[in-house]
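The values are calculated or read from the model by the stated rules, or taken from the named source; none is laboratory data. The model shown is predicted, which means the values in this text are computed figures rather than measured ones. Neighbour counts are summed over all protein chains in view; Cβ atoms, including those assigned to glycine, are modelled from backbone coordinates with ideal geometry. Only protein heavy atoms, including side chains, enter the accessible area calculation; ligands, DNA and RNA are left aside. Shrake-Rupley method; radii C 1.70, N 1.55, O 1.52, S 1.80 Å.
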Amino acid sequence: MKIFARISWLFATIVIAISLAIMIVTFYLLPRPYSRKFSAWLIRTAIFFRVKAEGKEDPTAQMFLLNHQSDLDIVVLEAITNRDIAWVAKKELFEIPFFGLALKLPQDIAVARESKTSLIKLLKDAKHVLKTNRAIAMFPEGTRSTKDVMLPFKSGAKIVADANKLRVQPVVIMQSGKYYNTKKFYYKPGRIKAIFLESFIADKSDENWLSDLRIKMQKVYDDELANNPSRR
């Protein structure tokens, strides 16, 4: 069984790489954001995983905040919204040959950890993105969590949202790491559920809204597990 899962992981990884290559080639041939949407569709179709959305997307949302377990999380959001998404990602990812180009072409936002100058650049880039009517997407945990407990949310998302008084919509993604795990070289087809929560306007005067949001998202995640034993 482990051998089959690793072969499946290798196949899924090759498909993801090919899909990114197609996205790069077609980026200037297709209107935004269709090259990225087509790439996401191709990945879902070729590796046999489905996405189910629950709740209602707010078409006026300016920032999506998602929990993070797997590289498939990006594909999930791209699959359930027609919006042109600007992803916030670690600067190091932009420097990886080939993969970095897939981030640079759509003008996603690079951020360096623990850097004050990078924070200033993040605010500047976010303001530019918002002027082009794109939505910002961030993983406030800052890295992938390996279990069903979300990591503490980092302050970057709050700083950007507060500075621009953004309408924020949280999205809870259920157990994507259960299906595709790069550290364990594991993949299995399945259905990943994404839950849109109610959107809200970031309030700078509320110092705890980001930490409170983590608690709310974790509760939605836990309730979904409790109500669906097959996910455990």
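Looking only at segment 120-140, decide whether some residue is assigned to a strand (DSSP E or B), in contact (Cβ under 8 Å) with a residue 12 or more places away in the chain and farther than 30 Å from LYS188 by Cα. Break it down into steps so the answer makes sense when it comes.
To start, the set of residues in segment 120-140 that are assigned to a strand (DSSP E or B) comprises 135-138.
Next cut, in contact (Cβ under 8 Å) with a residue 12 or more places away in the chain only: 135-138.
Now restrict to residues that are farther than 30 Å from LYS188 by Cα: 135.
The answer is yes, given that some residue of segment 120-140 is assigned to a strand (DSSP E or B), in contact (Cβ under 8 Å) with a residue 12 or more places away in the chain and farther than 30 Å from LYS188 by Cα.
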Checklist entry - Looking at ARG32, ARG36, ARG44, which one is in contact (Cβ under 8 Å) with a residue 24 or more places away in the chain, more than 30 Å from LYS131 (Cα to Cα) and not hydroxyl-bearing (Ser, Thr, Tyr)? => result ARG44
Next on the checklist: Just the residues that are closer than 18 Å to VAL171 by Cβ and among the hydroxyl-bearing types (Ser, Thr, Tyr), please, taken from segment 108-143.
Outcome noted: THR143
Checklist entry - Can you name the residue in segment 179-192 that is in contact with a helix residue (DSSP H, G or I) (Cβ under 7 Å, 6 or more places away or on another chain) and surrounded by fewer than 19 Cβ atoms within 10 Å (Cβ to Cβ) and, of all such residues, is farthest from MET217 (Cα to Cα)? => result PHE185
Checklist entry - Which ones in segment 104-119 are open to solvent by 20 Å² or more (accessible area, probe 1.4 Å) and either in a helix (DSSP H, G or I) or of a type in the set (Val, Ile, Thr) (or both)? => result LYS104, VAL111, LYS116, THR117, LEU119
Next on the checklist: For segment 33-79, give me the residue count where each residue is polar (S, T, N, Q), assigned to a helix (DSSP H, G or I) and crowded, with 17+ Cβ neighbours inside 10 Å.
Outcome noted: 2
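This table checks each residue for (1) within 20 Å of PRO152 (Cβ to Cβ); (2) of a type in the set (Asp, Glu); (3) touching a strand residue (DSSP E or B) at 6+ places or on another chain (Cβ under 9 Å); (4) free of Cβ contacts under 8 Å to residues at least 40 places away in the same chain.
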| residue | (1), (2), (3), (4) |
| --- | --- |
| VAL171 | yes, no, yes, no |
| TYR179 | no, no, yes, no |
| LYS188 | no, no, yes, no |
| ILE192 | no, no, yes, no |
| PHE196 | no, no, yes, no |
| ASP212 | yes, yes, no, yes |
| LYS219 | yes, no, no, yes |
| ASP223 | no, yes, no, yes |
| ALA226 | no, no, no, yes |
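This table checks each residue for (1) open to solvent by less than 60 Å² (accessible area, probe 1.4 Å); (2) within 22 Å of GLU92 (Cβ to Cβ).
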| residue | (1), (2) |
| --- | --- |
| LYS147 | no, no |
| PRO152 | no, yes |
| GLY156 | yes, yes |
| VAL160 | yes, yes |
| ALA163 | no, no |
| VAL171 | yes, no |
| GLY177 | yes, yes |
